[in-house]
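Asker: I'd like to ask you about the structure that follows.
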Amino acid sequence: MPDSQITQKPLVSFIVTYYNEPIQMLQECIESILALSLSETEREIILVDDGSDVSPLNEMAEYREHLIYLRQQNKGVSEARNMGIQICKGQYIQFVDADDCLIMAGYEHCLDIVRFHDADMVIFQSTDEGTEVDTPYLFDGPTSGTEYMRNNNLRAAVWGYIFRKKMLIDLRFTSGIQYGEDEKFTPQLILRADRLYATDTKAYFYRNNPNSVTHRNEKRSLAKHLDDSEHVLLYLDHLAATLPAAERVALQRRVAQLSMDYIYNIIMLTRSKHQLEQRLEKMHKRGLFPLPERDYTSKYKIFRRMANSKTGRNLLLYTLPYINKER
């Protein structure tokens, strides 16, 4: 491919997924991208409308020239992101939810790491407390994704990192998963990184939206939440068994962390001893319970000891909901 064609590729494709969010939030999201130091040729903003009741375009006139707008029938965020992946041309991809926005100083720091250190992936921090934050211009790396996963707990949200598009190969989001689609996608992607950097810089403002799918608490949604989490857990456990030793050990740490989170969510979402024991029995049959004896973190070691005993589980059932309520 001629050099002239290579240089025409945007540096970053921002894939923004939208579904019935307030227009003002979407405008703030787009403005936060446009405020970056990237020129028109260095950025690509793809707005994927996941079948909203009303298209946002009529109220986005001043931004239209900066956007590639796609609209699909309501299929969920996984299919919306896949559509963005299918058409994006950037060397790197950044996912953004339409009700969130980038923090300029922090994200510029991440772009500098991309530009000057040939990063495959830059993992950064987020905040839900606003965009006025201090920016520590520090970072760790490079390291491989495998080494990073062996030594760190992951934050799986896909808006929490920028990554090189060619790492994807055939990796896509799984249609039909409403809860945990990021948990399935992110570990697989990180294992493909040869040059991963991590920074404590807060580069993303996450807005807690009580109307989002992750905040619904109807009985059907609770069951869907746990079933999706179980699917992801079983899938990653099966995948780990097929990997070379180093990658297997790295992914097994993630599986153990997700197993802990899964047990926690069973307790918090159902508060049912019957549900807890029933789902733990399924985990036991797949070799996922009792939780493995590993010294990952102090939190993991304490939770493992309690969850692995009947007395400890009873204590968790009665104390966790109360502690969470007090917070």
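The values are calculated or read from the model by the stated rules, or taken from the named source; none is laboratory data. Quick caveat, the model's predicted, so the values are computed rather than measured. Here the Cβ positions follow ideal geometry from the backbone for every residue, glycine too, while neighbour counts run over all protein chains shown. In case anyone asks, the SASA skips ligands and DNA or RNA and just uses the protein heavy atoms, side chains included. Shrake-Rupley method; radii C 1.70, N 1.55, O 1.52, S 1.80 Å.
Asker: Looking at the stretch 116-129, can you tell me whether even one residue there is out of contact with any strand residue (DSSP E or B) (no Cβ under 8 Å at 6 or more places or on another chain), modelled with pLDDT of 95 or more and either within 16 Å of residue 201 (Cβ to Cβ) or open to solvent by 20 Å² or more (accessible area, probe 1.4 Å) (or both)?
Answerer: Checked against the condition, which is being out of contact with any strand residue (DSSP E or B) (no Cβ under 8 Å at 6 or more places or on another chain), modelled with pLDDT of 95 or more and either within 16 Å of residue 201 (Cβ to Cβ) or open to solvent by 20 Å² or more (accessible area, probe 1.4 Å) (or both), the stretch 116-129 yields at least one hit.
Asker: OK, next. Might you let me know whether the stretch 52-70 holds any residue that is in contact with a Pro (Cβ under 8 Å, 6 or more places away or on another chain), modelled with pLDDT of 95 or more and assigned to a strand (DSSP E or B)?
Answerer: Looking for residues that are in contact with a Pro (Cβ under 8 Å, 6 or more places away or on another chain), modelled with pLDDT of 95 or more and assigned to a strand (DSSP E or B), one finds none in the stretch 52-70, hence no.
Asker: OK, next. What pairs come out if I take residues in the stretch 133-156 that are over 20 Å from residue 109 (Cα atoms) and pair them with residues that are of a type in the set (S, T, N, Q) whose C-beta lies under 8 Å away, six or more apart or interchain?
Answerer: So the pair list comes out as 153/257; 153/297; 154/186; 154/257; 156/186.
Asker: Something else: Test each condition in (1) basic (Lys, Arg); (2) at pLDDT 95 or above; (3) under 22 Å from residue 228 (Cα atoms) for residue 150 and report the one that comes out false.
Answerer: So the condition that residue 150 fails would be (3).
Asker: Now, a different point. Could you grab me the full set of residues in the stretch 201-224 that are modelled with pLDDT of 95 or more and open to solvent by 40 Å² or more (accessible area, probe 1.4 Å)?
Answerer: 202, 206 - these are the residues of the stretch 201-224 that are modelled with pLDDT of 95 or more and open to solvent by 40 Å² or more (accessible area, probe 1.4 Å).
Asker: Oh, and also: Taking residue 48 and the conditions (1) without any contact (Cβ under 8 Å) to a residue 40 or more places away in the chain; (2) closer than 24 Å to residue 131 by Cβ; (3) of a type outside the set (Lys, Arg); (4) open to solvent by 60 Å² or more (accessible area, probe 1.4 Å), which numbered condition does it fall short on, given that it satisfies the others?
Answerer: Unmet condition: (4).
Asker: Confirm whether residue 299 is over 24 Å from the mean Cα position of the chain (by Cα) and exposed (fewer than 13 other Cβ atoms within 10 Å of the Cβ).
Answerer: Criteria not met by residue 299.
Asker: Write out, first by first residue and then by second, each pair whose Cβ atoms fall under 6 Å of each other, whose residues are 6+ apart or on separate chains, and whose first residue, in the stretch 72-93, is within 15 Å of residue 171 (Cα to Cα) while the second is assigned to a helix (DSSP H, G or I).
Answerer: As it stands, the answer is 78/181; 93/165, since those pairs meet every condition given.
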